[in-house]
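For reference, the structure is listed below as structure tokens.
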Amino acid sequence: MNRVALITGASRGIGRSIALAFARHGYSIGINFARSKDKAEAVAREIGSLGGKSLLLEADVSNSEQVKKMVGKVMGEWGKIDVLVNNAGITRDRTILKMSDEEWLETIQVNLTGAFWCLRECAKEMCRKKEGAILNISSIVGAKGSSGNANYVASKAGLMGLTKAAARELGRFNVRVNSLLPGFHRTDMGNRVWDKLFERVRSEHFLGKLTDLEEFAEFVCVVAEQKSVSGQVYNFDSRIL
Ligand code: NAP
């Protein structure tokens, strides 16, 4: 029977690459998106051209009712979820002294609370069948800090803590929970700070080049498929944490 992977924020950027990588590994893919329906449909067509199956899942991950419906839809279609990748994320960059309540709350709500809603709903199904892998896409800045985006940094640090707490609780059900830090990529999100950060980030990489997105997506599949490691944070980068 086909394995099933639910990827949040799979309409563009890193999530799209992860969805295609899992499709190449033979998984059926739940393609979650919030607004980019056309782009999500394009990902579904690409998966189809690889001979794979997919399901379009429109849901705002920060809304727990929408997340419950999304997980229910995957269960209704395929009866199981083998892998959850919590990838959906936003930035609302502002220095601390100028940051609004909304900028703080929205970022935490999508990046951290949204990941928790998805983790909780998928974990219920995974614990029932005593097998599953949950991968939380965090960021190197969640470990190292950065200026001008305390909301994003806190959300990504929170994801690493959630990873370790969930790994401890869910381990006895054979559900593995790991966190992955993807490096710096020129997606819509990366593009917003590319000119400001590119030279500095490249100079910190001792290989002199940035992380490759397709290599990262492949690595996510590898981590999902290993059976004996949980509670870890993988920094897929040549910047030392
Ligand atoms: P991106 O290009 O901006 O794409 C973000 C994705 O998240 C889109 O598919 C978007 O879907 C989805 N999304 C946003 N809000 C959502 C919500 N409320 N509910 C469901 N989906 C939502 O970002 P990216 O660069 O690919 O980043 C993906 C992940 O990697 C994020 O968690 C980010 O923090 C992390 N990351 C990125 C970098 C980088 O350099 N790019 C570095 C470190 C970590 P819609 O288009 O449908 O709204």
For this session: Evaluate segment 5-18: report whether one residue or more is outside any strand (DSSP E or B) and away from the ligand (no atom under 12 Å from the Cβ).
Result: no
For this session: Filter segment 187-196 down to residues that are assigned to a helix (DSSP H, G or I) and either near the ligand (Cβ under 9 Å from one of its atoms) or surrounded by 14 or more Cβ atoms within 10 Å (Cβ to Cβ) (or both), then give me how many there are.
Result: 5
Problem set entry | Odd one out for D82 among (1) in contact with a helix residue (DSSP H, G or I) (Cβ under 9 Å, 6 or more places away or on another chain); (2) within 13 Å of the ligand (Cβ to nearest atom); (3) of a type in the set (D, E) | (2)
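Conditions (1) of a type in the set (S, T, N, Q); (2) crowded, with 18+ Cβ neighbours inside 10 Å; (3) within 14 Å of the chain's Cα centre (by Cα), marked per residue:
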| position | (1), (2), (3) |
| --- | --- |
| G145 | no, no, no |
| S155 | yes, yes, yes |
| G158 | no, yes, yes |
| A166 | no, yes, no |
| E169 | no, no, no |
| N178 | yes, yes, yes |
| G183 | no, yes, yes |
Seminar exercise, completed: Taking segment 27-63 and the residues there that are of a type in the set (A, V, I, L, M, F, W, C) and part of a helix (DSSP H, G or I), the one that is nearest to C118 (Cα to Cα) would be A40
Problem set entry | Residue satisfying all of: in segment 205-241; polar (S, T, N, Q) and more than 20 Å from G145 (Cβ to Cβ); surrounded by the most Cβ atoms within 10 Å (Cβ to Cβ) among these | S230
Exercise. Does at least one position in segment 64-85 carry a residue that is over 21 Å from A157 (Cα atoms), in a strand (DSSP E or B) and in contact with a strand residue (DSSP E or B) (Cβ under 6 Å, 6 or more places away or on another chain)?
Worked result: yes
Seminar exercise, completed: Flagged in segment 86-105 as away from the ligand (no atom under 14 Å from the Cβ) and in a loop (DSSP other than H, G, I, E, B), in numbering order, are T95, M99, S100
Exercise. Among the listed residues V177, V201, V220, which satisfies the condition of being β-branched (V, I, T), within 15 Å of L135 (Cβ to Cβ) and within 14 Å of the ligand (Cβ to nearest atom)?
Worked result: V220
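Computed from the coordinates by the stated procedures, all read-outs in this text should not be read as laboratory data. Since we're looking at a predicted model, the values are computed, not measured. Please note: Cβ atoms are built from the backbone with ideal geometry, for glycine as well, and neighbour counts cover all protein chains shown.
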